[in-house]
Amino acid sequence: RYLVVTTFETVLAEAGLLPSGVLRLRSDIPIARGLGSSSAALLAGYDLGRAVCGMSRDEKGAFSLALKHEGHGDNAAPCLYGGLRGVTLTASGPVVVDLHLSDAVGFAYAAPAVGLETEAARGALPEHVPHKTATASLGRLVALVRGLAEGRPDLIHAGVNDDLHVPYRLPLIPGAAAAMSAGMDAGAWAVTVSGAGSGLIAMCEPGEAEKVASAMKDSFTSITGDSESVGFSVRPDLLGLQRLEG
């Protein structure tokens, strides 16, 4: 069942209410494509339930719910608070860190018609990695965070290189390697697997985002032969979860 519905019903049940009626949902987030659709659904269902019950926002409760369900807060934090966020797990609980994101960085997204379930993507990862690989990844993360903050293509390119998950998940995505090359040829600074996949996310000049997305989409379509591949430019949402009056 939809995560929005199950979370919504859980909130109402805790308030002693029985849901009745029709709930219409609309989402532009592709499912199982590495864009955090499950976190968005969980947070939306939770806050909608509270709104129906006449309760105010509970960001701590919403984030805790998503963290428990997802096992991490990487998607829930930006979805809830907006912008670029990091999450550090401490003994006293998760700490959400607000990171600067330069408006000089554009983003392009593309995905094949077939999705990649998170469970399968996680199952492809090794349980252990060499110490050298782990330390190198920390160094790249520093470069990536600074590159995104300052809009520096060189740091973004260096920071996106990954040995922790991309080599293991890329073979699970039909046509992904060729689509990444197509994105780079179209002007991207860097391309990598978006979330757990099956989508790809590219960083580039904002004015080049549509061209990069189209190139990656066309590559997916050409290789897989499926016309249902998607590709579009994306802009960061700086507001996060909002309640809109009907």
Qualifying position, being closer than 20 Å to Asp237 by Cα and in contact with a Lys or Arg (Cβ under 7 Å, 6 or more places away or on another chain), among Val87, Val97, Val105: Val97
What are the residues in region 14-60 that are over 30 Å from Ser229 (Cβ atoms) and out of contact with any helix residue (DSSP H, G or I) (no Cβ under 9 Å at 6 or more places or on another chain), if any? Gly16, Ser20, Gly21, Val22, Ala51, Gly54, Lys60
Scan region 16-35 for residues that are more than 21 Å from the chain's Cα centre (by Cα) and either of a type outside the set (Gly, Ala, Ser) or surrounded by 14 or more Cβ atoms within 10 Å (Cβ to Cβ) (or both) and jot them down. Leu17, Leu18, Pro19, Val22, Leu23, Arg24
Candidates Leu144, Leu138, Leu155 - the one that is out of contact with any Phe, Trp or Tyr (no Cβ under 6 Å at 6 or more places or on another chain), surrounded by fewer than 16 Cβ atoms within 10 Å (Cβ to Cβ), assigned to a helix (DSSP H, G or I) and assigned by TED's automatic domain parsing to the domain that holds Met184: Leu138
Mind checking whether some residue in region 11-25 is under 27 Å from Thr192 (Cβ atoms) and modelled with pLDDT under 95? no
Single match in Gly240, Gly195 (criterion: among the small types (Gly, Ala, Ser), outside the structural domain of Ala111 (by TED's automatic domain parsing) and either out of contact with any helix residue (DSSP H, G or I) (no Cβ under 7 Å at 6 or more places or on another chain) or closer than 29 Å to Ser137 by Cβ (or both)): Gly240
Report, by residue number, each residue of region 197-246 that is of a type in the set (A, V, I, L, M, F, W, C) and part of a helix (DSSP H, G or I). Ala209, Val212, Ala213, Ala215, Met216, Phe220, Ile223
Residue that is farthest from Ala178 (Cα to Cα) [pool: residues in region 114-135 that are touching a residue at least 60 places away in the same chain (Cβ under 8 Å) and surrounded by 16 or more Cβ atoms within 10 Å (Cβ to Cβ)]: Thr118
Considering every residue within region 22-41, establish whether at least one is more than 25 Å from Ala202 (Cα to Cα), outside the structural domain of Arg146 (by TED's automatic domain parsing), in a helix (DSSP H, G or I) and β-branched (Val, Ile, Thr). no
Might you let me know whether region 76-88 holds any residue that is modelled with pLDDT under 95, outside any helix (DSSP H, G or I), over 16 Å from the mean Cα position of the chain (by Cα) and outside the structural domain of Ser214 (by TED's automatic domain parsing)? yes
Being without any contact (Cβ under 8 Å) to a residue 60 or more places away in the chain and either aliphatic (A, V, I, L, M) or buried (at least 17 other Cβ atoms within 10 Å of the Cβ) (or both) is the filter here, so list the residues in region 220-246 that pass it. Thr221, Ile223, Leu244
Quickly run through region 167-189 and pick out the residues that are surrounded by fewer than 19 Cβ atoms within 10 Å (Cβ to Cβ) and either part of a helix (DSSP H, G or I) or out of contact with any strand residue (DSSP E or B) (no Cβ under 8 Å at 6 or more places or on another chain) (or both). Pro167, Tyr168, Leu170, Pro171, Leu172, Ala177, Ala178, Ser181, Met184, Asp185
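The values are calculated or read from the model by the stated rules, or taken from the named source; none is laboratory data. Treat the numbers as computed from the prediction; the structure is a model and nothing was measured. Because the Cβ atoms are built from the backbone with ideal geometry, glycine has one as well, and the counts that use them run over all protein chains shown.
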